[in-house]
Amino acid sequence: MQVPILKQGNYLIASVQSALSDDDLRLLRDDLSDRVGRFRSTGVIIDVTALDVIDSFATRTLQSVAQMLKLRGAYTVIVGIRPDVAFVMVQLGLTLADVGAALDLEEALEHLNNRRRRNLYEHRAKDTGEAGRLGRAGSSPNRPGLSPSRANRRADREGQPRSGHASPRSMEHGR
Amino acid sequence: MKRIVEKKTRQGANPPKFAAHPTVPHDEAKDLLLLQFVEHLRQNRMQLCEEWIEHIAQAELLTGMSKEETFTEATSVYDNYVEALESGSVEALQAYARTLCERVIPRGGETHEVVEIVLLLRDTLARSLLRKYQNDFKVFNIVLDAYEPAANRIANAVAVSFVQQQEEAIRRLSTPVLQVRERLLILPIIGVLDTRRARQLTEQLLRGIRDKRAKVVVVDITGVPTIDSKVANHLVQTVEASRLMGASVIITGMSSEIAQTLVTLGVDLSKVNAVGDLQGGIEEAERLLGYEVLRDPPCAGTEGHTGEKYASTHS
Amino acid sequence: MADESRINIRNPAEIVTARQQGRILAVQLGFDGSELTVIATAISEIARNILEHAKDGEVVISRCNHRKRYGICVVARDFGPGIADIDQAMQYGYSTHKGLGIGLPGTKLLMDEFHIMSVVGQGTTVTMKKWRH
């Protein structure tokens, strides 16, 4: 089954409706990759609320989709991992590195907006990939003198305000 | 426990006696005699019940209950007990004992009293067994061998069922997930963390994150005396799983012993965000959330103006 | 209650069938929320393992009893190339394919019992159990 992809401003939203087969995932990957380029999207949200099992294969696939999209210039946020599923995933040792996570769509959009904000103010000179790592919990390799957690917290704080000026402008870029 | 050990030694000494009955395989004989005994118990139900209640009164158990109440409960336990002896299935008796506990405790009774009356019943029945077979010592031994393990198993099962029930209750009590602010949960952990409890805690926390839409969770382990590597890894897993659900975890109140243990064990702490005490943790969490509270209702299309406010911070 | 279900594993869709069947039986046996996910994920992992290494095999899901305990038993069987070094295959992070090397060792962590038997050239059988507590 094909995964529907919606465009929302600068971001793309893909809602996975059922258990994905390999072909579906390949299709999703190519589709997202194509649209990220076409719409110049900076963020992709993959909603997995409908998945009752996320095994190592699914994780690997989601991670590789995210890594690929990162190379295409978009940051990926996974949304809607259920409590049970999250618990099983960590028991298996699956942690979705390089991917953001949020409770629901709303949160994910916020997460992406914060990230954009952060990029614009703090890392104007740096490339997106490096700044991208700041978004992940507890890792900030490029901030000497601060503990990872602190840096992360500070980054979150600074990133919090909505991108009042920046976003609308860049959204026009997207269109 | 001690009784079981005693019984085993006795059983070990017994086989020569059974060898004296070569015509009947003694397992079968045992079963048959036990069934006979069960029948005897049914026939003498009232008499034995009264005897038992007398013992209960002598031992000053269940003093909070009236004679009639004690009698009703006692006959019920008796019937369940005989049933369990016959079928070997203790579940009905366990369930009954639990409900009995619920009735006894409000009257000032205690769990151990229920266990003790079950033990008294066992001994009352053993006495009756002795009376019935006192003329035939060989048969008495065989019936006793069948009766004792069954009776011990019942007593054991009843006792264990209480312990399990209490453990369960304590577990539920000891891991509350509290909401202190919107999007902020606190999970104070008190007491020793074993793997099972740690697991339950994680499940509760993750459900709490979803149900309360939490963004930050403060896990306070001030009340945790020690930690082993399994539980430590579990804590790290909890932090990870919370992240997968979009929430960040702050761990507070880590004692120097635990901190040292974690470092010595080489637990991967790169993902753990620790703050000294609960107060600091809540402050940190609020700082995290404080900026969020200022935000406009989140929605991608409607970019807020609060950015203005922060412009000075960033420039 | 269907006591046993047997699912052929030849394509990814059948992995989904297998874990759905596993979930159904687990519900009947009285497993609750997170345990259901654990069982479904474990089935998914070993079924995926069949598909990746042997292309063809089957998963048999049944109820199992041991003394007073009962639980769910999952047997995954294939007639593929087999595993030469089981200890190595069960090492966390080891993978012959491009995988994360988490499938089998991770699954072992999820279940109460996990046995793997393999003969090179003949195939692999994984038996795993989860007890009701």
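What the table shows:
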quantity: Residue ranges of strands (runs of 3 or more DSSP E) in the range A:1-49 with at least 2 members more than 30 Å from C:Ala47 (Cβ to Cβ) and in contact with a Leu (Cβ under 8 Å, 6 or more places away or on another chain); calculated: A:5-8, A:11-15
quantity: Any chance B:Thr302 is within 12 Å of chain A (Cβ to nearest Cβ), modelled with pLDDT under 50 and not in a loop (DSSP other than H, G, I, E, B); calculated: no
quantity: Unmet requirement for B:Leu187, which otherwise passes all of (1) open to solvent by 20 Å² or more (accessible area, probe 1.4 Å); (2) farther than 13 Å from A:Phe87 by Cα; (3) free of Cβ contacts under 8 Å to residues at least 60 places away in the same chain; calculated: (1)
quantity: Qualifying residue in the range C:59-69 (condition: open to solvent by 20 Å² or more (accessible area, probe 1.4 Å) and modelled with pLDDT of 90 or more); calculated: yes
quantity: Every pair of residues 6+ apart whose Cβ atoms lie under 7 Å, when the first sits in the range A:18-30 and is open to solvent by 40 Å² or more (accessible area, probe 1.4 Å) while the second is in a loop (DSSP other than H, G, I, E, B); calculated: A:Ser18/A:Met1; A:Ser18/A:Ala50; A:Leu27/A:Gln2
quantity: Output for the range C:21-34, where each listed residue is outside any loop (DSSP other than H, G, I, E, B) and either at pLDDT 90 or above or more than 9 Å from chain A (Cβ to nearest Cβ) (or both); calculated: C:Gln21, C:Gly22, C:Arg23, C:Ile24, C:Leu25, C:Ala26, C:Val27, C:Gln28
quantity: Any hit, the range B:225-235, residues being assigned to a helix (DSSP H, G or I), closer than 17 Å to B:Thr175 by Cβ and open to solvent by 10 Å² or more (accessible area, probe 1.4 Å); calculated: yes
quantity: The range B:38-78: number of residues that are in contact (Cβ under 8 Å) with a residue 60 or more places away in the chain, of a type in the set (A, V, I, L, M) and under 24 Å from B:Ala95 (Cβ atoms); calculated: 3
quantity: In the range C:99-127, residue modelled with the lowest pLDDT [restricted to those that are more than 8 Å from chain A (Cβ to nearest Cβ) and in a loop (DSSP other than H, G, I, E, B)]; calculated: C:Gly101
quantity: Single condition B:Leu201 does not satisfy, out of (1) part of a helix (DSSP H, G or I); (2) touching a Ser or Thr at 6+ places or on another chain (Cβ under 8 Å); (3) open to solvent by 50 Å² or more (accessible area, probe 1.4 Å); calculated: (3)
quantity: Any hit, the range A:134-141, residues being at pLDDT 50 or above, buried (at least 23 other Cβ atoms within 10 Å of the Cβ) and closer than 25 Å to A:Leu25 by Cβ; calculated: no
quantity: Subset tally (residues that are at pLDDT 90 or above and either farther than 19 Å from B:Arg207 by Cα or more than 7 Å from chain B (Cβ to nearest Cβ) (or both)) for the range A:82-94; calculated: 4
quantity: Odd one out for B:Pro176 among (1) outside any strand (DSSP E or B); (2) within 13 Å of chain A (Cβ to nearest Cβ); (3) not polar (S, T, N, Q); calculated: (2)
quantity: Qualifying residue in the range B:18-32 (condition: touching a helix residue (DSSP H, G or I) at 6+ places or on another chain (Cβ under 8 Å), in a loop (DSSP other than H, G, I, E, B), farther than 30 Å from B:Pro106 by Cα and modelled with pLDDT under 80); calculated: yes
quantity: Failed condition for B:Thr175, given (1) out of contact with any strand residue (DSSP E or B) (no Cβ under 8 Å at 6 or more places or on another chain); (2) at pLDDT below 85; calculated: (1)
quantity: Scan of the range C:43-58 for residues that are of a type in the set (S, T, N, Q) and open to solvent by 30 Å² or more (accessible area, probe 1.4 Å), ordered by number; calculated: C:Asn49
quantity: Matching residues in the range B:244-278 - criterion: being open to solvent by 50 Å² or more (accessible area, probe 1.4 Å) and either without any contact (Cβ under 8 Å) to a residue 12 or more places away in the chain or in a strand (DSSP E or B) (or both); calculated: B:Ser256, B:Gln260, B:Val263, B:Thr264, B:Gly266, B:Ser270, B:Ala274
quantity: Of the criteria (1) within 30 Å of B:Leu235 (Cβ to Cβ); (2) touching a Gly at 6+ places or on another chain (Cβ under 8 Å); (3) of a type in the set (Val, Ile, Thr); (4) in a helix (DSSP H, G or I), which one A:Val90 fails; calculated: (2)
quantity: Filtered residues of the range B:40-59 (kept if in a loop (DSSP other than H, G, I, E, B) and more than 12 Å from B:Leu125 (Cα to Cα)); calculated: B:Ala59
quantity: Residue check for A:Ala58: closer than 25 Å to C:Glu52 by Cα, open to solvent by 10 Å² or more (accessible area, probe 1.4 Å), within 12 Å of chain B (Cβ to nearest Cβ) and out of contact with any Ser or Thr (no Cβ under 8 Å at 6 or more places or on another chain); calculated: no
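So that you can scan it fast, the table gives a plain yes or no per residue for (1) more than 22 Å from B:Arg207 (Cβ to Cβ); (2) within 9 Å of the chain's Cα centre (by Cα); (3) within 7 Å of chain B (Cβ to nearest Cβ):
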{"residue": "A:Gly73", "(1), (2), (3)": "yes, no, no"}
{"residue": "A:Gly80", "(1), (2), (3)": "no, no, no"}
{"residue": "A:Leu96", "(1), (2), (3)": "no, no, yes"}
{"residue": "A:Val99", "(1), (2), (3)": "yes, yes, no"}
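The values are calculated or read from the model by the stated rules, or taken from the named source; none is laboratory data. Please read all numbers here as calculations on a predicted model, not as lab measurements. Every residue, glycine as well, gets a Cβ built from its backbone with ideal geometry; the counts of neighbours run over all protein chains shown. To get the accessible areas, we keep the full protein, side chains included, count just its heavy atoms, and leave off ligands, DNA and RNA. Shrake-Rupley method; radii C 1.70, N 1.55, O 1.52, S 1.80 Å.
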